[in-house]
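S.K.: There's a structure below that I have some questions on.
What follows draws every value from the coordinates through simple rules; no lab data is involved. Since this is a predicted model, take the numbers as computed values, not measurements. Quick reminder, even Gly has a Cβ in these numbers, built from the backbone with ideal geometry, and neighbours come from all protein chains shown.
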Protein chains: 2
Amino acid sequence: MKKLLLIYVVLIGTFMAYLYMVYFREDSGGPLDQEVGLHGEVDEKYVMVNFLTGIDYWKNVLKGFEDAAEALGVSVEYRGSTKYDVHEEVTVLEQVIARNPAGIAVTAINSEALNAAIDKAVEAGIPVVMFDSNAPDSKAYSFLGTNNYNAGVTAAREMAELSGASGKVGIITLPNQLNHQERTQGFEDTLLAEYPLLQLVSVVDGKGDQLVSEQKAQAMMEQHPDLVGIFITEANGGVGVGNAVQSAGKLGQVHIISFDTDKGTLDMVKSGTISATLAQGTWNMGYWSLMHLFHLRNELVEPMADWRASGVPPLPTYVDTGISVVTKSNVDDYYAK
Amino acid sequence: MKKLLLIYVVLIGTFMAYLYMVYFREDSGGPLDQEVGLHGEVDEKYVMVNFLTGIDYWKNVLKGFEDAAEALGVSVEYRGSTKYDVHEEVTVLEQVIARNPAGIAVTAINSEALNAAIDKAVEAGIPVVMFDSNAPDSKAYSFLGTNNYNAGVTAAREMAELSGASGKVGIITLPNQLNHQERTQGFEDTLLAEYPLLQLVSVVDGKGDQLVSEQKAQAMMEQHPDLVGIFITEANGGVGVGNAVQSAGKLGQVHIISFDTDKGTLDMVKSGTISATLAQGTWNMGYWSLMHLFHLRNELVEPMADWRASGVPPLPTYVDTGISVVTKSNVDDYYAK
């Protein structure tokens, strides 16, 4: 009889504990309560769509996207065109849309080609944000990327420091691409406004190619033997310019400022051939893209397909993901880990 | 005996349910598990510091700050100077810092005065971000606010639409304040670049005052009887310009574009006196300021006091909180609810 009583006490105690837990869960939120903090569902899948999927540049963007997904308890997937091919990226994006994901972060291979697909997704209620390269006339909710004009300003100030703010400098760039035009403009405007003794003597097309940029740099140094610096607005050309300056025996006289942080560029920064390179805030692009998409998907902000026409932007329209200057002194922090 | 068996079955069933719940909680995270989703502690207090605390303009900023705090399960507090008084805001900010809060969102009454206090906070490990008005030379981690140049661009395009893109227009502004200079510049550049027949004939100082702006608008209309529009870059003056155009009997001929959404401005938009006013993304400023601070405080991104000098910006350096055009057709959405 005593034994039976003991069993009763244990079981009734358990029952009380159960009731307490149920009450506690309702009171302060449990695993099924979406109201405590920001978190989604594991089957809530966000897709990142890019082009040239294999290049190093995206690695840190993906890492940011993943880190945000982990923080929010949601899933991610990566898709894109392996080649620099507009039609391939459009096709991939349309395939992704057809599977109705929780949201899509897109980088545009050019500023127009993806508009129709992006608009279709937004009108179908799939949140879309742009990162790295914008499609400004699409219905995407926001753009997260580098302010390229400001990057050019930063490059000019760095060049002034390297050269003592005096002498002839040149730019090797991609004159037909908007982001490179902006980098060039920021550099040029800053020389005019802040460094009257730094004279921009040449702006040429390096075609985004290592050899072409090398030849252009050689020609520039022959034409201007007293050149003190070259700003090269993309990484392939940067390595070419490095080779040209090295071959000409002008290391230390002609200062090179390059762009981005692929291994070839970082190696030349480490060896001192390239004086500085500009690193983009790639992790920020991925992380805050997912954060924006999550807010739209879970209606923490109001997703309105016609937001550009009809009122308050539901999200910040532009997020400047920042730029930093990489030199010999901090280059080790930028190698992929 | 059967009765006893039934009680046993019920109690054992309850015990199983209890075990299941305990298991389930451990498996997928419960209310005490900090790893599921983004959430903080109730005693994690974030403070917003502003000036002219009583004005309508801040209401929606505070709402955004509060909404983010609620989503993340943290607390907020508001402090600021009641007057337009630099020393008062500095004192308030120093008092806030002394209490070591989880983070501080600051709007700067001017771009320099708060730098020392902001830097002290950041160096002491208290995250600081700027909203609405920046302190660009401080160590604050980011700035969240309107792109005023772009707001001027938007105003110019709206003016072109109202006036048929032809005729004489004027600007009434605060020529000594950076944000107003940027609005003016964006407007001016856009006329030059896109609307050759819209001619800017006058830019004058309205001193942020209703009566002064009214007199300046009267004088402008007398000097240019064929004026077709006035862009007034702040709200007090907007109401003054509205009164001037009304008194002159020129409603419909002189189109007014104003700034912000206080009640006086909205009433004049509703009545048709002011054709359009530009609404800033104030909720976004508050919401994403708290989100940034939360990420620094909880080390989801690395808080480094010397981030400007030493490397990758831990947060997006600038968040453009967006702008929208308020006209008679959507003005009702902008009255405080």
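S.K.: So if each residue of separation counts as 0.36 nm, and I subtract the Cα-Cα distance between A:N110 and A:E222, what length gain in nm does that give?
M.R.: 36.8 nm
S.K.: I've got another one for you. 7 Å from Cα along Cα→Cβ at both B:V201 and B:E77: what's the point-to-point distance in nm?
M.R.: Each label point lies 7 Å from its Cα, and together they span 5.6 nm.
S.K.: Give the value in nm², to one decimal: projected area of the alpha carbon convex hull of chain A, averaged over all directions.
M.R.: If I average the Cα hull's projected area over directions, I get 23.6 nm².
S.K.: Could you give each residue of region A:315-321 its phi-based ³J(HN,Hα) in whole Hz, using Karplus coefficients 6.51, -1.76, 1.60 with θ = phi - 60°, and x for Gly or Pro?
M.R.: Per residue, the Karplus-derived 3J(HN,Hα) values read 10, x, 6, 9, 10, 7, 7 Hz.
S.K.: Between their Cα atoms, which of B:K168/B:K207; B:K216/B:K263; A:K59/A:K216; A:K168/A:K250; A:K216/A:K328; B:K59/B:K263 are more than 19 Å away from each other?
M.R.: Details: B:K168/B:K207 22 Å; B:K216/B:K263 22 Å; A:K59/A:K216 30 Å; A:K168/A:K250 14 Å; A:K216/A:K328 25 Å; B:K59/B:K263 12 Å.
Check vs 19 Å cut-off fails for B:K168/B:K207; B:K216/B:K263; A:K59/A:K216; A:K216/A:K328.
S.K.: Relative to the longest principal Cα axis of chain B, at what angle does helix B:178-194 sit, 0 to 90 degrees, rounded to 10?
M.R.: 60
S.K.: By DSSP, what percent of the beta bridges with both residues in chain A are antiparallel, rounded to the nearest 5?
M.R.: The answer is about 10 percent antiparallel.
S.K.: If the cut-off is 20 Å between C-alpha atoms, which aspartates and glutamates fall inside it for B:K270, apart from same-chain ones fewer than 8 positions away?
M.R.: B:D56, B:E158, B:E161, B:E214, B:E234, B:D260, B:D262, B:D332, B:D333
S.K.: Between region B:151-189 and region A:286-322, what's the alpha-carbon centroid distance in Å?
M.R.: With region B:151-189 and region A:286-322 each reduced to a Cα centre, they are spaced 27 Å.
S.K.: What angle, in degrees between 0 and 90 and rounded to the nearest 10, separates the Cα long axis of helix B:235-247 from the longest principal axis of the Cα atoms of chain B?
M.R.: Relative to chain B, helix B:235-247 is tipped by roughly 40 degrees.
S.K.: Would you mind pulling out the separation of the Cα centroids of region A:58-119 and region B:51-102, in Å?
M.R.: For region A:58-119 versus region B:51-102, the Cα centre distance is 38 Å.
S.K.: Here's something else I'd like to know. Reachable lysines from A:K120, Cα under 16 Å, same-chain residues fewer than 8 places away excluded?
M.R.: Cα-Cα hits under 16 Å: A:K139.
S.K.: For A:Q215, go 7 angstrom from Cα along the Cα-to-Cβ vector, then report the distances to that same point in the other copies in nm, smallest first.
M.R.: When each copy's label point is compared with this one, the spacings are 6.9 nm.
S.K.: Here is a follow-up. Provide a whole-number value for the mean count of partner chain Cβ atoms within 10 Å of the Cβ atoms in peptide B:318-328.
M.R.: Values: counts 8, 9, 9, 5, 9, 3, 8, 3, 2, 0, 0.
If you average over the peptide's residues, the count of other-chain Cβ atoms is 5.
S.K.: Quick one: helix A:148-163 against the long Cα principal axis of chain A, what's the angle to the nearest 10°, folded into 0 to 90?
M.R.: 50
S.K.: So if each residue of separation counts as 0.36 nm, and I subtract the Cα-Cα distance between B:E123 and B:V9, what length gain in nm does that give?
M.R.: 34.7 nm
S.K.: Using a 10 Å cut-off around each Cβ of peptide B:143-155, what is the average number of partner chain Cβ atoms that fall inside?
M.R.: 1
S.K.: Now a separate question. Take every residue in peptide B:279-289, count the Cβ atoms of other chains within 10 Å of its Cβ, and give the average of those counts.
M.R.: 3
S.K.: What number do you get for region A:148-279 when its Cα radius of gyration is normalised by 2.2 N^0.38 Å, N = residues? Before the final figure, lay out each step's value.
M.R.: Numbers: Rg = 12.7 Å, N = 132, 2.2 N^0.38 = 14.1 Å.
Normalised Cα radius of gyration, region A:148-279: 0.90.
S.K.: Output the Kirkwood hydrodynamic radius of the protein assembly as shown, Cα pairs only, in Å rounded to one decimal.
M.R.: Its Kirkwood hydrodynamic radius stands at 27.8 Å.
S.K.: Still on this structure, please answer the following. When the helices in the protein assembly as shown are scored as -39500 (n - 2.57) per DSSP H run of 4 or longer and the sum is shared across all residues, what 222 nm value do you end up with, to the nearest 500 deg cm²/dmol?
M.R.: The helix contribution divided over the protein assembly as shown gives -14500 deg cm²/dmol.
S.K.: Using mean Cβ contacts within 10 Å as the protection proxy, how do A:160-170, A:102-112 order, highest first?
M.R.: Put in order of decreasing packing, that is A:102-112, A:160-170.
S.K.: Oh, and also: Which percent, nearest 5, of DSSP beta bridges in the protein assembly as shown are antiparallel? It would help to have the intermediate numbers written out before the result.
M.R.: Numbers: 12 of 86 bridges.
Roughly 15 percent of the DSSP beta bridges within the protein assembly as shown come out antiparallel.
S.K.: Place the peptides B:298-307, B:132-141 in order of packing, highest mean first, counting for every residue the other Cβ atoms within 10 Å and averaging per peptide.
M.R.: B:132-141, B:298-307
S.K.: Kindly rank B:183-190, B:222-229 from highest to lowest mean number of other beta carbons found within 10 Å of each residue.
M.R.: Most protected by this proxy first, the peptides run B:183-190, B:222-229.
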